[in-house]
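A.B. asks: Have a look at the structure that comes next, please.
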Amino acid sequence: MEQSMNRIELRGHVGQEPRITEAGGNSVIKFTLATNEILKDRSGNMREVTTWHNIVAWAGKGMPFFEDIRKGSCVYVVGKVRNQKYKAQDGTERHYNDVLA
């Protein structure tokens, strides 16, 4: 049987104060992570591009204490990408990605 690969490693800064909730007796943390890269545009000028990622993690499994993760903290995340979809108020279907740490 062929194995699929779904692994992502990110290092960046926490964008907003994390939300910690309880789900099924486990603590769950959700936060945004900003990653940056320097690119050269068509005119030859260097510019920084920021990409935002939605991170979801459960307590345990090698996770640090959630209380240590704050806005502006530099964190290293290893996980997998999960595609989500939902219906917007206008009835259109929207898609987004989460990183399950």
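A.B. asks: As an exercise, use a Förster radius of 25 Å and the Cβ-Cβ distance of H95 and L39 to find the FRET efficiency, rounded to the nearest 0.05.
C.D. replies: Here the calculated transfer efficiency is 0.50.
A.B. asks: Using a probe of 1.4 angstrom, how much of the accessible area of the chain is carbon and sulfur, in percent?
C.D. replies: Details: 3760 of 7910 Å².
Answer for the chain: carbon and sulfur cover 47 percent of the accessible area.
A.B. asks: Which ³J(HN,Hα) values in Hz, rounded to whole numbers, follow from the phi angles of the stretch 48-57 under the Karplus curve 6.51 cos²θ - 1.76 cosθ + 1.60, where θ = phi - 60° and Gly and Pro get x?
C.D. replies: 9, 10, 9, 10, 9, 10, 8, 10, 10, 9
A.B. asks: Do any chymotrypsin sites (Phe, Trp or Tyr not before Pro) in the stretch 6-101 lie in a DSSP loop with no more than 16 other beta carbon atoms within 10 Å, and if so, which? Intermediate values should be presented prior to the final figure.
C.D. replies: Numbers: sites: F31, W52, W58, F65, F66, Y76, Y86, Y96; in loops: F65.
Of the chymotrypsin sites (Phe, Trp or Tyr not before Pro), the ones in loops of the stretch 6-101 whose Cβ has at most 16 other Cβ atoms within 10 Å are F65.
A.B. asks: Of G44, T32, A57, which is farthest along the charge dipole of the stretch 14-101 in the positive direction, counting Lys and Arg as +1 and Asp and Glu as -1 at C-beta?
C.D. replies: Result: G44, furthest along the dipole toward the positive end.
A.B. asks: In the stretch 1-100, what percentage of the DSSP-assigned beta bridges are antiparallel, given to the nearest 5?
C.D. replies: 90
A.B. asks: What list of ³J(HN,Hα) couplings, whole Hz, do you get for the stretch 82-92 from phi and the Karplus terms 6.51, -1.76, 1.60, once you set θ to phi - 60° and write x for glycine and proline?
C.D. replies: 10, 8, 10, 9, 7, 9, 6, 4, 7, x, 7
A.B. asks: Which residue fluctuates the most in the chain, going by a Gaussian network model with Cα springs under 10 Å, if the choices are D41, D90, D68?
C.D. replies: D90
A.B. asks: Leaving out ligands and nucleic acids, and using a 1.4 Å probe, what accessible area per residue does the chain come to in Å²?
C.D. replies: Roughly 78 Å² per residue, with all protein chains present.
A.B. asks: In the structure shown, do any of K30/K85; K40/K80; K40/K85 have a Cα-Cα gap over 23 Å, and if so which?
C.D. replies: K40/K80; K40/K85
The values are calculated or read from the model by the stated rules, or taken from the named source; none is laboratory data. Since this is a predicted model, take the numbers as computed values, not measurements. Every residue, glycine as well, gets a Cβ built from its backbone with ideal geometry; the counts of neighbours run over all protein chains shown. The area values use the complete protein model at the heavy-atom level, side chains included, leaving out ligands, DNA and RNA. Shrake-Rupley method; radii C 1.70, N 1.55, O 1.52, S 1.80 Å.
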